[in-house]
Amino acid sequence: MADYNLSSLGQDLQLTSPTTSEAHVLVINTGGTIGMTLHDNVLAPKPNAFVQSLRKLPILHDESYAICGSDNTLVLPMNKDNKRIIYTVMEYSPLLDSSNMTTDDWSQIGKDIEKNYQNFDGFVILHGTDTMAYTASALSFMCEHLGKPIILTGSQVPIYQVRTDGIDNLLGALLIAGQFVIPEVCLYFHNKLYRGNRVTKVDNRSFNAFSSPNLAPLANAAIDITINWDTVLRANTTAKFQVSTELNSNVGLLKLFPGITTATVRAFLQPPMQGVVLETYGSGNAPDNRPDLLEELKKATDAGVIIINCTQCLRGTVSMSYATGKVLIDAGVITGGDMTSEAALSKLCYVLAKKELSLDTKKKLMAQNLRGELSLDFADTKLCLSDSRFIQVIAQSLHISCKEELAAIRDALTPPLACAAAKIGDIEALEALKEMGSNLCLEDYDGRTPLHVAACEGHLNAVNYLLSHGATVYAKDRYGDTPLCNAVHYRHRDIVELLRQTRAHFSQDRLEELGRELCSLAASGDLEGLEIWSLAGADLMKPGYTGQTAIEVVGIGTVVGGYYECDEYDDNGDEVNKMQHVWISVFARFVTSSLPHQLRHL
Ligand SMILES: NC(=O)C[C@H](N)C(=O)O
């Protein structure tokens, strides 16, 4: 179990140089081969050595770049897009071989992500490969309304050895977590980024240890990193990010084999068992000539045990093509479609822990696609790009015939079209673009997304629509501005409120600037401005470049023995009192929690 103290870390993390080309990633090191050394001829985790060894690797740390922060903060060399990825490593104690992990460790990782969510652009979890697919699956369910990338990685050979795959894996995970807003729990290994709840470990000798048999990778890292944006999930919600760290451990995994005895099945299904993944043959089949065995399954489902049918095959889905499959439905078993056993098991842990839900709702959730872990039937596929008359006409005039070129045209055309629709708050036009299969998160040539534009223009409905259709609040344009910065700048209070609901916040690389802006608003007595910045989550006690806070700049008060005393800085006493009154109300409303005790009573 981790005992890392984050309070010191949280402070230090804000101290990096304020340029718009920095991204901040938190690396949580849970253990695994990547940080192991040989003891008595076997590999075991080596504590307190990982960061020092990263420091010595120029590819993973650029000593010439000045960063402030904790001793565990490092920086990657500048990448092709002139971006610096600054990362802070939090090491768990003890470090674990992932075979030793339990659901408590999943909860701990979830808690640490939640605690630090605001301070980082992305998260990398270093983890052993043996149970990485389970942890990745579990985190994908636990992280509700996720808006930032969480990437698990590790290695097959320790980072301390010459032929390690750890450097490439860590570097790739950091680059993706720091550069792309992929709001999913992913697993990065051997140049591929996978959806975390779709993978399974398939090889313990090759560097290519994982497979995602039923879903193509989300990204490929070759000369360039290519993201398959059509597959990437979107939050599609205005709800706040939260981590559900309660997990139910009364779950099990039962693999059928020819001749399995009824006694084994009965023993397995005894209380306190509440959820079981039944690994069946082929397309979800079990012996239909074994009434004894089917009877045990039926008794358990009648007693409220949720049993999910997952295939033992690596690829394919559970379908009711055979009589041997249908008998399981009759026994109350729920079809698991193309879910991996790892995903189904951790989904049970997550769903069964939701005490407020009825058994029926829990069963329904298990059959539903919650985080992209399950392919639904494709019968109701939406109108796709090739159905769009507009794109077709353009494609014809450009003599475009293949699917890839068509997709490239769509991706080039839709950002400016969507931004234009957002500019006038035209939701119908946004809807039409969405229907064409367009991704409403794509950026224009200045890195601006439709959400930036709608936030600038104050179109609340358009902002709401975009947030409900996959737009990310964490997109940064070429100036480093997020939609929240834009809404604050143009003083659209309602939009700031809506964006804050989704947990949008100022990014770490703007904090220094923020202090300056607050001081200048204070200097000009712009209370409305201060109020909207505060509403957007700005800390009004943040000092500007002179080291003064907004309060000190305006020079209206000092705390003396428990009351607020006004300094006379104006000839007109009334003015000062009025000013003091407004200031007090602003500060009482927005900063009481961070003010000294005496001030809270004003
Ligand atoms: N490659 C690895 O990381 C395997 C190791 N036993 C672990 O899962 O922690």
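For the stretch 385-502, the Cα-based Rg and Dmax, in that order, read 14.8, 47 Å.
Using a 10 Å cut-off around each Cβ, can you sort L74, L406 from fewest to most neighbouring Cβ atoms?
Working: L74 24, L406 21.
Going from least to most buried by this count: L406, L74.
Cut-off is 10 Å between beta-carbons; in what order do D71, D338, D62 appear when sorted fewest neighbours first? Could the numbers behind the result be given before it?
Values: D71 11, D338 21, D62 14.
Final ranking by Cβ density, sparse to dense: D71, D62, D338.
For the stretch 496-513, the Karplus equation 6.51 cos²θ - 1.76 cosθ + 1.60, evaluated at θ = phi - 60°, returns couplings of 4, 4, 5, 5, 5, 4, 8, 6, 4, 8, 6, 7, 4, 6, 10, 5, 4, 4 Hz by residue, with Gly and Pro reported as x.
Using the Cβ-Cβ distance between S520 and D71 with R0 set to 30 Å, the FRET efficiency works out to roughly 0.30. Segment L314..T546, full-extension length gain: 77.4 nm, with 0.36 nm per residue of separation and the alpha-carbon distance subtracted. Label-to-label distance for K83 and C402 is 2.8 nm, based on points extended 7 Å past Cα in the beta-carbon direction.
To the nearest 20 Debye, how big is the dipole of the stretch 251-367 about its Cα centre, given +1 on the beta carbon of each Lys and Arg and -1 on that of each Asp and Glu?
Values: 13 positive and 11 negative charges, 49 e Å.
Roughly 240 debye for the stretch 251-367.
If the limit is 19 Å between Cα atoms, which of K80/K476; K326/K354; K148/K476; K111/K354; K111/K148; K299/K363 go over it?
On the way: K80/K476 17 Å; K326/K354 29 Å; K148/K476 13 Å; K111/K354 17 Å; K111/K148 15 Å; K299/K363 16 Å.
Result: K326/K354 exceed 19 Å.
Size estimate for the stretch 472-529 follows the Kirkwood approach: the inverse of mean 1/r over distinct Cα pairs works out to 12.1 Å. Could you state the number of Å between the C-alpha centres of the stretch 138-175 and the stretch 497-524? Answer, in whole Å: 31. Between A133, T164, N208, the Cα set farthest toward the positive side of the dipole of the stretch 21-243 (charges on each charged residue's Cβ, about the Cα centre) is that of N208. Applying 1/(1 + (r/R0)^6) with r as the Cβ-Cβ distance of L253 and N289 and R0 = 25 angstrom yields a FRET efficiency of 0.55.
Could the peptides 340-347, 412-419, 452-459 be put in order, highest first, of the mean number of other beta-carbon atoms found within 10 Å of their residues?
On the way: 340-347: 26.5, 412-419: 19.5, 452-459: 24.6.
Taking the mean over residues of other Cβ atoms within 10 Å, the ranking is 340-347, 452-459, 412-419.
3J(HN,Hα) along the stretch 436-447: 6, x, 6, 8, 6, 9, 5, 9, 7, 4, 9, x Hz, from the Karplus curve 6.51 cos²θ - 1.76 cosθ + 1.60 with θ = phi - 60°, whole Hz, x for Gly and Pro. Across the stretch 48-60, computed HN-Hα scalar couplings (Karplus, 6.51 cos²θ - 1.76 cosθ + 1.60, θ = phi - 60°) run 6, 10, 5, 5, 4, 6, 5, 4, 7, 9, x, 6, 10 Hz from first to last residue, x flagging Gly and Pro. Extension gain, A239 to A420: 0.36 nm times the residue separation minus the Cα-Cα distance gives 62.5 nm.
Taken along the Cα-to-beta-carbon direction at a fixed 7 Å, the label points for R163 and F207 span 1.0 nm.
Toward the positive end of the charge dipole of the stretch 385-502, about the Cα centre and with charges on Cβ (Lys, Arg +1; Asp, Glu -1), which of A432, L413, Y479 goes farthest? Result: Y479.
Say the cut-off is 21 Å between C-alpha atoms; which of K115/K240; K403/K423; K364/K434 go over it?
Values: K115/K240 14 Å; K403/K423 30 Å; K364/K434 28 Å.
Going by Cα-Cα distance, K403/K423; K364/K434 fall outside the 21 Å limit.
Report note on the peptides 519-527, 175-183: ranked by the mean count of other C-beta atoms within 10 Å, highest first, their order is 175-183, 519-527. When each of the peptides 235-246, 85-96, 263-274 is scored by the mean number of other C-beta atoms lying within 10 Å of its residues, the order from highest to lowest reads 85-96, 235-246, 263-274. Show log10 I(q)/I(0) for the stretch 337-378 at q = 0.25, 0.34 Å⁻¹, two decimals, from a solvent-free Debye sum over equal Cα scatterers. Normalising to I(0) and taking log10 leaves -0.87, -1.27. In summary, the stretch 21-243 shows an alpha-carbon radius of gyration equal to 0.94 times the 2.2 N^0.38 Å reference for compact globular proteins. For V75, the residues whose amide H sits under 5 Å from its own are D62, Y87, ignoring neighbours fewer than 5 places away on the same chain, with H placed 1.01 Å from N.
Across the stretch 223-253, the residues whose backbone nitrogen lies under 16 Å from the label position 7 Å along the beta-carbon direction of E356 are 239-247.
Based on the convex hull around the alpha carbon atoms, the stretch 251-367 presents an average projected area of 6.4 nm². Stretch D230-E144 to full length: gain in nm at 0.36 nm per residue minus the Cα-Cα span? The D230-E144 span can extend by a further 28.9 nm.
Every read-out reported here was derived from the displayed coordinates using simple, explicitly stated rules and does not represent laboratory data. Keep in mind that this is a model prediction, so the values were computed, not measured. All Cβ positions, glycine included, derive from the backbone under ideal geometry; neighbour counts span all protein chains shown.
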